[in-house]
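Beneath this line is the structure, given in structure tokens, with notes to follow.
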Amino acid sequence: PFAFVIATAVLLLFSAGYTSMTRFVPSAGAFYSYVDKGLGRSAGLGAAFVALLAYLALEAGVFGLFGPALASLVESYGGPALPWWVWAALGFAVVVLFGYRNIELSGKVLAVLLLAEVAIVLALDAAILFSGGGPEGLAAGIISPAEILSGAPGVGILFAILSFIGFEATAVFRDEARDPDRTIPKATYISLLSIGGFYTLSSWLLISGVGQSAVVAESAENPGTILQTTTEAYLGAAGGHIISLLFVTSLFACILSFHNIVARYIFQLASRDVFAPRFSVPHARYGSPASASLAAAGVVAVLNVAAVLLGLDPIVQFYTWLGGISSVGIVLLLVLASVAVLASFTRQERGGSTWRRRAAPALGLAGLLLFLAIILQNLPTLVGEESYGPFSFGVLALLVLAFAAGPVVARAKSTVVLH
């Protein structure tokens with residue numbers, strides 16, 4: 001649980017400069033607009049391509065979790081035993097439909113799913129808390145230095161930081177906000193504090209519910225069902241059924257969220273002459289980035305079809321490999337954005353207090369560099385290798401090539417302006 005506290009603190013420091021710079025980056029585009037503003041067009045385009053690669057990889061990879069999870073859920077209720085990719089294709093069709101429509105429809109669906117998912121976990125939290133904890137009472141690990149530093153704290157921080165992926169997307173929807181200078185910073189801070197608080201509390205109470213001395217062995221023995229079995233113990237069989245269903249819907253919500261982000265990245269880049277102009281034309285009826293959404297869907301479809309044809313395990317290989325690309329890419333973008341914020345405020349004294357312009361971003365950058373080092377150290381584990389091998393080096397090579405494409409496109413298209 002303390003790993004979530006650390007991750008939240010570092011990202012709040014990062015966001016102090018990130019949100020202060022929002023008013024100087026009037027266009028949507030999240031990280032790449034900030035990098036362009038602070039470090040120049042070539043670096044900005046490189047960041048844009050890294051962001052696209054990271055989010056596309058994550059959107060496609062989560063289908064490797066969604067398909068098997070939905071298949072298992074259907075089979076548990078006596079449904080047909082079908083390959084994972086059949087259920088993934090079904091989910092893909094729904095995502096394409098929602099992505100083609102406007103943001104209000106996707107937002108309403110995501111809101112309903114999110115509220116349901118949070119509600120069942122909070123119900124479990126309350127049941128554990130009001131029962132005085134599990135067999136050993138409430139766990140002391142959240143405040144005990146010995147427990148905080150036990151095991152592999154670096155890996156804990158790694159997974160904590162990955163749990164925040166997408167929080168910066170508030171800036172991507174800038175063009176669709178009524179008062180972005182006020183609502184974008186507010187939404188960013190609310191997102192970080194809500195996510196950090198929710199995960200810290202829930203992970204602590206889950207440990208308490210299982211028992212501090214038993215949770216490691218239980219997690220190792222039943223990694224995919226520990227939340228369900230704990231829910232059944234405290235909320236009964238009905239709670240277990242609900243948590244199984246909402247696990248599937250949470251994966252769908254992740255996919256839809258990442259799809260919306262990718263579509264708007266493509267839409268904004270096309271409007272800046274990076275991609276074909278047709279991807280920057282909103283739908284005549286829905287006002288959505290429909291063409292950009294279909295383009296994103298096409299890439300995701302190709303990746304999933306390739307996984308099926310190559311016979312990849314959807315979780316151990318497909319999701320894990322693409323998740324490795326995404327994890328390194330997102331933290332790399334956070335580092336680049338931090339450097340860009342500091343560089344931009346070094347050239348100008350506007351934008352708030354010295355704390356928000358320099359001190360907080362500098363501390364945030366130090367924390368993010370530590371996170372990046374931890375991820376690179378553990379990258380082989382993320383992609384299923386014992387040490388650095390072809391897949392680990394392949395992840396790094398893809399990200400390097402994506403960033404290197406920035407200067408190439410910048411030279412080829414001198415009209416591109418990202419901020």
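The values are calculated or read from the model by the stated rules, or taken from the named source; none is laboratory data. Note that the structure is predicted; figures quoted are calculated from it, not measured. Please note: Cβ atoms are built from the backbone with ideal geometry, for glycine as well, and neighbour counts cover all protein chains shown. Quick note on the areas: whole protein, heavy atoms, side chains included, nothing else; ligands and nucleic acids left out. Shrake-Rupley method; radii C 1.70, N 1.55, O 1.52, S 1.80 Å.
Please label the shape of the range 1-68 as rounded, prolate or oblate, based on the square roots a ≥ b ≥ c of the eigenvalues of the alpha-carbon gyration tensor (a/c under 1.5 means rounded; beyond that, a/b larger than b/c means prolate, else oblate). Here the range 1-68 falls in the oblate category. Do the alpha carbons of any pairs in LYS108/LYS186; LYS108/LYS413; LYS37/LYS413 sit beyond 28 Å of each other, and which pairs? As for pairs spanning more than 28 Å Cα to Cα, those are LYS108/LYS413.
Dipole orientation for the chain: of the candidates ALA177, SER144, ALA412, ALA412 has the Cα lying most toward the positive pole (charges on Cβ; Lys, Arg +1; Asp, Glu -1).
Rounded to the nearest 20, the size of the Cβ-charge dipole of the range 276-383 about its Cα centre is 560 debye, with Lys and Arg at +1 and Asp and Glu at -1. The trypsin sites (Lys or Arg not before Pro) of the range 329-405 that meet both conditions, a loop assignment by DSSP and at most 14 other Cβ atoms within 10 Å of the site Cβ, are ARG350. Charge dipole of the range 74-219 (Cα centre as origin; +1 on each Lys and Arg Cβ, -1 on each Asp and Glu Cβ, all else neutral): 320 debye, rounded to the nearest 20. Residue separation of GLU218 and ALA276 scaled by 0.36 nm, minus their Cα-Cα distance, works out to 15.7 nm of gained length. Length gained on full extension, ASP181 to ALA362: 62.9 nm, using 0.36 nm per residue less the C-alpha separation.
Rounded if a/c is under 1.5, else prolate if a/b is larger than b/c, else oblate: which is the range 50-124, with a ≥ b ≥ c the root eigenvalues of its Cα gyration tensor? Since a/c reaches 1.5 but b/c is at least a/b, the shape of the range 50-124 is classed as oblate. Between PHE159 and ALA306, the distance separating the two model label sites (each 7 Å from Cα on the Cα→Cβ line) works out to 2.8 nm. Relative to the globular-protein estimate of 2.2 N^0.38 Å, the Cα radius of gyration of the range 27-66 stands at 1.40. In a DSSP loop and with at most 11 other Cβ atoms within 10 Å, the trypsin sites (Lys or Arg not before Pro) in the range 158-229 are ARG178. Put simply, the Cα atoms of the range 157-219 extend 50, 17, 15 Å along their principal axes, the longest span coming first. Axis angle, to the nearest 10 degrees, between helix 180-210 and the longest C-alpha principal axis of the chain: 20 degrees. Using the Cβ-Cβ distance between ALA123 and HIS283 with R0 set to 56 Å, the FRET efficiency from 1/(1 + (r/R0)^6) comes to roughly 0.90. Residues HIS283, HIS259, HIS241, sorted by accessible area with the largest first, give HIS241, HIS283, HIS259 [1.4 Å probe; ligands and nucleic acids excluded].
Applying 1/(1 + (r/R0)^6) with R0 = 25 Å to the Cβ-Cβ distance of LEU12 and SER144 gives a FRET efficiency near 0.55. Taking chymotrypsin sites (Phe, Trp or Tyr not before Pro) in DSSP loop conformation with at most 15 other Cβ atoms inside 10 Å as exposed sites, the chain has its longest uninterrupted site-free stretch at 78-285. Ligands, DNA and RNA left out, the 1.4 Å accessible surface of the range 189-343 is 71% carbon and sulfur atoms. When you filter the trypsin sites (Lys or Arg not before Pro) in the range 246-322 for DSSP loop state and at most 13 other Cβ atoms inside 10 Å of their Cβ, you are left with ARG285.
Accessible area of ILE315 (1.4 Å probe, protein heavy atoms only, ligands and nucleic acids ignored): about 70 Å².
Mean-square fluctuations from a GNM of the chain, with a 10 angstrom spring cutoff on Cα atoms, peak among ALA139, ALA30, ALA57 at ALA139.
Note that the chain presents 43 Å² accessible area per residue, ligands and nucleic acids not counted, probe 1.4 Å.
In a fully extended conformation the segment linking SER353 and ALA404 would gain 14.9 nm over its present Cα-Cα distance, using 0.36 nm per residue. For the chain, the longest principal axis of the Cα atoms and the long axis of helix 290-309 meet at an angle of about 50 degrees. Dipole check for the chain: with +1 at the C-beta of Lys and Arg, -1 at the C-beta of Asp and Glu, and the Cα centre as origin, the magnitude is about 1980 Debye. For the range 135-155, the residues whose backbone nitrogen is under 15 Å from a point 7 Å from the Cα of GLN377, taken along Cα to Cβ, are 149-155. Rounded to the nearest 10 square angstrom, ASP313 shows an accessible area of 60 square angstrom against a 1.4 Å probe. Compute the FRET efficiency between ARG23 and SER194 as 1/(1 + (r/R0)^6), taking r as their Cβ-Cβ distance and R0 = 22 Å, and round to the nearest 0.05. Computed FRET efficiency for ARG23 and SER194 comes out at 0.40.
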